[in-house]
């Protein structure tokens, strides 16, 4: 057994064409750390409100609406930013969402919503995509801050208490089913049941 480890040690120390396997391994390890650190730094830089509103489509449309809501300014001083509601916190879910967001980059390049008029024309379609996404992931982003385990149903209105303690808590509905328009204005909902 000892001879086996000595052989491995000799092989690692033996030079390749120009460098030893050990030096190549160490170089690969260092390069991997640098890549991973750079990747995570870039990922987090795109996960800020400043990045989200850096394009005028977001700055002039949905961000202005957000500024008028309880998620932006409230008595407790807790504020939700764009990534809090639109990017999951878990790493795997976050990467999936970032991959989906490449469509938004495509829209930016081809200026599909670069004016207020174009934005309003596509508003319902954009909202429905986001509602479907939140419904499919059980409003994961909402639940990062709003957790049934910590809700005081007695401090809520009777209607909210009933909804939260029955249909939502049982998993029949998810947050976005009742709270559409909580952070942004609703699009024209003509023809949609319940509106």
**Report entry** Degrees, to the nearest 10: 91-100 long Cα axis against longest axis of the chain
**Finding:** 70
Report summary line: Listing 93, 149 by rising number of other beta-carbon atoms within 10 angstrom, fewest first, gives 149, 93
**Report entry** Global form of region 38-119, assessed from the alpha-carbon gyration tensor, a/c cut-off 1.5
**Finding:** oblate
Query raised in the report: Using r as the Cβ-Cβ distance of residue 25 and residue 136, and R0 as 41 Å, what FRET efficiency do you calculate, to the nearest 0.05?
Result: 0.45
Query - Helical mean residue ellipticity (222 nm; -39500 (n - 2.57) per DSSP H run of 4+; nearest 500) of the chain - result: -16000 deg cm²/dmol
Report task. Would you please put 24-31, 175-182 in order of how densely packed they are, using the mean number of other Cβ atoms within 10 angstrom per residue and starting with the highest? Result -> 175-182, 24-31
Report summary line: For Cα extents along the principal axes in Å, with candidates [x] 50, 40, 24; [y] 76, 44, 33; [z] 78, 41, 31, the value calculated from the shown model is option [y]
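Every read-out reported here was derived from the displayed coordinates using simple, explicitly stated rules and does not represent laboratory data. Since the structure is predicted, the reported quantities are computational estimates derived from the model, not experimental observations. With ideal geometry, Cβ positions are generated from the backbone for all residues, glycine too; neighbour counts draw on all protein chains shown.
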